[in-house]
Every structure is written in structure tokens, then in C-alpha cells.
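Worksheet: one structure, shown below.
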Amino acid sequence: MTMSMKIRNATNRDMPSIVRMIGEFELDYENLQPDQFIIVEDGDVMAGFGRLKPYPDATELGCVGVLHERRQQGIGKMIVDELIRRGPAEIWITTDMPDYFRALGFCECQNVPRSILQKLERFRDFARGRIVAMRHVKP
Ligand SMILES: CC(C)(COP(=O)(O)OP(=O)(O)OC[C@H]1O[C@@H](n2cnc3c(N)ncnc32)[C@H](O)[C@@H]1OP(=O)(O)O)[C@@H](O)C(=O)NCCC(=O)NCCS
């Protein structure tokens, strides 16, 4: 990690790059709004991004993406930790990478909110692999 790395809110100007990477990484493309995203910037390069997506009955952390050449440097964790910090006490994720998110404090559990169950249903056929819902609760 370099000294010039910083996290900031995304703006309209970041959306073309974010949208392109969401397509490339096959992430959630629904209802993309700049004010839901944060980005990690290294100098003037966007190294990664992530999102808090509100539903009437839940908040979902999603669209976590890191440039291929910047992976394995803790940037994904930095994004997830910051979104958890900014979000409500309970946050959900729908993912095909449960092991990655388990290491960041998420657990598979019962009582999944309706909106998150509906999201799983919508993405079942589109997703890269089996997707599950997981929850993080702040201590
Ligand atoms: C998932 C992703 C965001 C991780 O970003 P990153 O910056 O490389 O992550 P970090 O550096 O914080 O963490 C790397 C750790 O995650 C682990 N990891 C990476 N992919 C994993 C996977 N599919 N399953 C389990 N663990 C995984 C690595 O082994 C590494 O562990 P280590 O620290 O013990 O070596 C990145 O690979 C990515 O952008 N993938 C494409 C988009 C995507 O699938 N996003 C997740 C769905 S929301």
C-alpha cells in the first residue's frame, strides 16, 4: 500500500470506469448511483471501489472490485471495512465468495430480509457461481 492511497466518495465522473469494471467483473449492475459508491484512489488511478445499496428493509454491501494488478494488497479489505464503518449496524452481502467475506466478519445466517432473498432470486441465473446471503453485525 502506498502513501498516496485514499478513500473518497465516488462522483458522476467516476461512474464510466466503475460501470465498465462492474461489467468486466460481472458484479451487480442494478440501479447504479454515484452516491452509493466509494473508491480507493492511488494518485489519480482508481484502484478499487465498493457500494452500500439501500433497500426498504436492509442495506447491502456490494460491488466490491479491485483492479487485477492491485489485488492481494489489502485494498478489498480496506473497502469492505470502510463500508462497514459507514453503514448501519446490520449489513448484508450476496456473494459467490463466502470464504472471502467470512474472513471479513460476515456469516451465513437465517432470517434473511425479503429484499435480499429477492436479490438472490434475481441473480441466481446471472451470477458466476452459487450465491449466498451473509450478514455482518457491528459489535
Ligand atoms: C474479491 C476482491 C475484491 C478482493 O480484492 P483484494 O484487494 O485482492 O483483497 P484483499 O487484498 O483485501 O484480500 C486478499 C485475500 O482474499 C483472499 N481471496 C481472494 N479471492 C478469494 C476467493 N475467491 N475466496 C476466498 N478468498 C479469496 C486471498 O487469498 C487473500 O487472502 P490472504 O490475505 O490470506 O492472502 C478482488 O479479487 C476482485 O475485485 N474480484 C472481482 C470482483 C469480485 O468478485 N468481487 C466480490 C464480489 S462482491
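Structure values in brief
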quantity	calculated
Number of positions in the stretch 9-18 that are surrounded by 11 or more Cβ atoms within 10 Å (Cβ to Cβ) and either assigned to a strand (DSSP E or B) or without any contact (Cβ under 8 Å) to a residue 24 or more places away in the chain (or both)	3
Selection status of Ile84, more than 8 Å from the ligand (Cβ to nearest atom), over 11 Å from the mean Cα position of the chain (by Cα) and assigned to a helix (DSSP H, G or I)	no
Residue satisfying all of: in the stretch 19-39; touching a Gly at 6+ places or on another chain (Cβ under 8 Å) and in contact (Cβ under 8 Å) with a residue 12 or more places away in the chain; nearest to the ligand (Cβ to nearest atom) among these	Phe25
Qualifying residues in the stretch 117-139 (those that are assigned to a helix (DSSP H, G or I) and farther than 20 Å from Ile79 by Cβ) - the one modelled with the lowest pLDDT	Phe123
Residues (within 13 Å of the ligand (Cβ to nearest atom) and either surrounded by fewer than 21 Cβ atoms within 10 Å (Cβ to Cβ) or over 23 Å from Arg135 (Cα atoms) (or both)) located in the stretch 40-52	Val40, Asp42, Met46, Ala47, Leu52
Residue ID - nearest to the ligand (Cβ to nearest atom), chosen from residues in the stretch 53-66 that are more than 10 Å from the chain's Cα centre (by Cα) and of a type outside the set (D, E, K, R)	Val66
Among (1) within 8 Å of the ligand (Cβ to nearest atom); (2) over 21 Å from Gly23 (Cβ atoms); (3) among the polar types (S, T, N, Q), the one test that Thr95 misses	(2)
Residues (within 15 Å of the ligand (Cβ to nearest atom) and among the acidic types (Asp, Glu)) located in the stretch 98-122	Asp99, Glu108
Residue in the stretch 102-112 that is closer than 26 Å to Ser4 by Cβ, assigned to a loop (DSSP other than H, G, I, E, B) and at pLDDT 95 or above present	yes
Within the stretch 62-71, tally of residues that are surrounded by 22 or more Cβ atoms within 10 Å (Cβ to Cβ) and not in a strand (DSSP E or B)	0
Asp125 within 11 Å of the ligand (Cβ to nearest atom) and among the acidic types (Asp, Glu)	no
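Every residue, every condition in (1) part of a helix (DSSP H, G or I); (2) closer than 16 Å to Glu30 by Cβ, yes or no:
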{"position": "Gly50", "(1), (2)": "no, yes"}
{"position": "Lys53", "(1), (2)": "no, yes"}
{"position": "Glu60", "(1), (2)": "no, yes"}
{"position": "Gln73", "(1), (2)": "no, no"}
{"position": "Asp99", "(1), (2)": "yes, no"}
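The values are calculated or read from the model by the stated rules, or taken from the named source; none is laboratory data. Nothing here was measured: the structure is a model prediction, and the numbers come from that model. Here the Cβ is made from the backbone with ideal geometry for all residues, glycine too, and neighbour counts use every protein chain on show.
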